[in-house]
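Everything on this sheet refers to the single structure shown next.
Values in this text are rule-based calculations from the coordinates and carry no lab data. Since the structure is predicted, the reported quantities are computational estimates derived from the model, not experimental observations. All Cβ positions, glycine included, derive from the backbone under ideal geometry; neighbour counts span all protein chains shown.
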């Protein structure tokens, strides 16, 4: 007689035959993950090409802005910038951020639409 393998179940789930019951929290997390993956797909529809390009460019500009901001913070903490340089860099970074938001708004894009998650870069 063969023994059945017992599978470990994840917390918050129950197994009944081949159906897994998941918690509402797990379902919401899965929904967000799916929405994020589908949001980053490029839409070649001619009416959406311009919006897709704007979204890509703004995402790249925002990435560069955030990296520049982190570098400025490091330099400020290491005291390698004068007060005037710190003020000028801060004003420039705020102006870039404002410009990205304005252009995004004109194209009906929110900051969330830019879908910017730096992940491991947050450690830099």
Next item on the list: May I ask you to derive the relative contact order of the stretch 48-123, considering only C-alpha pairs under 8 Å and at least 6 residues apart, and to give it as an integer percent?
Entry: 50
Next item on the list: Using label points projected 7 Å from each Cα along Cα→Cβ, tell me how many nm separate residue 92 and residue 66, to one decimal.
Entry: 2.1
Check: Stretch residue 105-residue 79 to full length: gain in nm at 0.36 nm per residue minus the Cα-Cα span?
Finding: 5.7 nm
Next item on the list: Pop a pseudo-label 7 angstrom from the Cα along the beta-carbon direction at both residue 51 and residue 34 and give the gap in nm to one decimal.
Entry: 2.1
Check: Please state the equivalent ellipsoid semi-axes for the stretch 48-123: what are the square roots of 5 times the Cα gyration tensor eigenvalues, largest first, in whole Å?
Finding: 27, 14, 7
Next item on the list: For each of 105, 65, 70, count neighbouring Cβ atoms within 10 Å of the residue's Cβ, then give the residues from fewest to most.
Entry: 105, 70, 65
